[in-house]
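A quick write-up on the structure given underneath.
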Amino acid sequence: MRATVLIPLAFFVVSALHLPETYSASNGKSKVESLKTLLAKFESTESLEKKENLLYLIEQNYPEAGGDLLQIAKRTSDINTKYKAIFELGQMKYSEATPFLIESLSDSQPQVRANAARALGDTWKDGNEAWRNSYPNLSSELISLLNREIDGGTIEQTSLALSDLKAKEA
């Protein structure tokens, strides 16, 4: 009789990282590279898969990296770097990025608009009441995007964000 073994998805993500490049040995134990190094690699690589893997390492090992990712998203001219950083801001629930995320709802790139909407929804779900009260018009901003949007992915992510906000007016 053959047994089935379930392996968590995180195993596959980590196994795809080419660990010798991502980790360095220190006293016989593996150690994650510095945040500065991971951010520099994230910003410089063109591979979406590598960007995702680097963001996974950053999220798991440097949960305080939201401010650094926000600065990267603000300054980069690379669309993939920008939307991936915005996505990660939502994953980290980095509420300090809210003004930038709202501004990004008007970006010329649909990937940026979609990820900004989703990041706002993700942040809202875990946001505290004071933060939520600071953005009473957030659902209106998302509805405005939904009304003018033609990109299917952005419409989907904006709809999900409105669902997270429990926006009845949508």
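The values are calculated or read from the model by the stated rules, or taken from the named source; none is laboratory data. Since this is a predicted model, take the numbers as computed values, not measurements. Quick reminder, even Gly has a Cβ in these numbers, built from the backbone with ideal geometry, and neighbours come from all protein chains shown. In case anyone asks, the SASA skips ligands and DNA or RNA and just uses the protein heavy atoms, side chains included. Shrake-Rupley method; radii C 1.70, N 1.55, O 1.52, S 1.80 Å.
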Subject >> Unique residue being without any contact (Cβ under 8 Å) to a residue 60 or more places away in the chain and either in contact with a Leu (Cβ under 8 Å, 6 or more places away or on another chain) or on the phi > 0 side of the Ramachandran plot (or both) when the list is 165, 160 >> reply: 165
**OP:** Please find, within region 127-144, the residue that is modelled with the highest pLDDT out of those that are within 13 Å of residue 98 (Cα to Cα) and charged (D, E, K, R).
**Re:** 141
**OP:** Return the only residue of 81, 76 being buried (at least 19 other Cβ atoms within 10 Å of the Cβ), hydroxyl-bearing (Ser, Thr, Tyr), out of contact with any Pro (no Cβ under 8 Å at 6 or more places or on another chain) and modelled with pLDDT of 95 or more.
**Re:** 81
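Considering only region 145-163, I want to know if a residue exists there that is over 17 Å from residue 40 (Cα atoms), of a type in the set (Val, Ile, Thr), surrounded by fewer than 15 Cβ atoms within 10 Å (Cβ to Cβ) and at pLDDT 95 or above.
Within region 145-163 (the criterion being over 17 Å from residue 40 (Cα atoms), of a type in the set (Val, Ile, Thr), surrounded by fewer than 15 Cβ atoms within 10 Å (Cβ to Cβ) and at pLDDT 95 or above), the answer is yes, since at least one residue qualifies.
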**OP:** Would you please list the contacts, defined by Cβ atoms under 9 Å and residues six or more apart or on different chains, that run from a residue in region 145-156 that is of a type in the set (A, V, I, L, M) to a residue that is in a loop (DSSP other than H, G, I, E, B) and exposed (fewer than 14 other Cβ atoms within 10 Å of the Cβ)?
**Re:** 145/106
Subject >> Qualifying positions in region 124-141 - over 16 Å from the mean Cα position of the chain (by Cα) and either touching a residue at least 60 places away in the same chain (Cβ under 8 Å) or assigned to a helix (DSSP H, G or I) (or both) >> reply: 129, 130, 131, 132, 133, 134, 138, 139, 140, 141
Original post:
What about residue 85, is it under 17 Å from residue 167 (Cα atoms) and under 10 Å from the mean Cα position of the chain (by Cα)?
Top reply: no
Original post:
Out of all the residues in region 111-123, is one or more over 30 Å from residue 32 (Cα atoms), open to solvent by 20 Å² or more (accessible area, probe 1.4 Å), free of Cβ contacts under 8 Å to residues at least 12 places away in the same chain and part of a helix (DSSP H, G or I)?
Top reply: no
Subject >> Filtered residues of region 89-98 (kept if surrounded by fewer than 22 Cβ atoms within 10 Å (Cβ to Cβ), of a type outside the set (S, T, N, Q) and assigned to a helix (DSSP H, G or I)) >> reply: 96
Subject >> Qualifying position, being touching a residue at least 12 places away in the same chain (Cβ under 8 Å), open to solvent by 30 Å² or more (accessible area, probe 1.4 Å), of a type in the set (A, V, I, L, M) and part of a helix (DSSP H, G or I), among 86, 58, 102 >> reply: 102
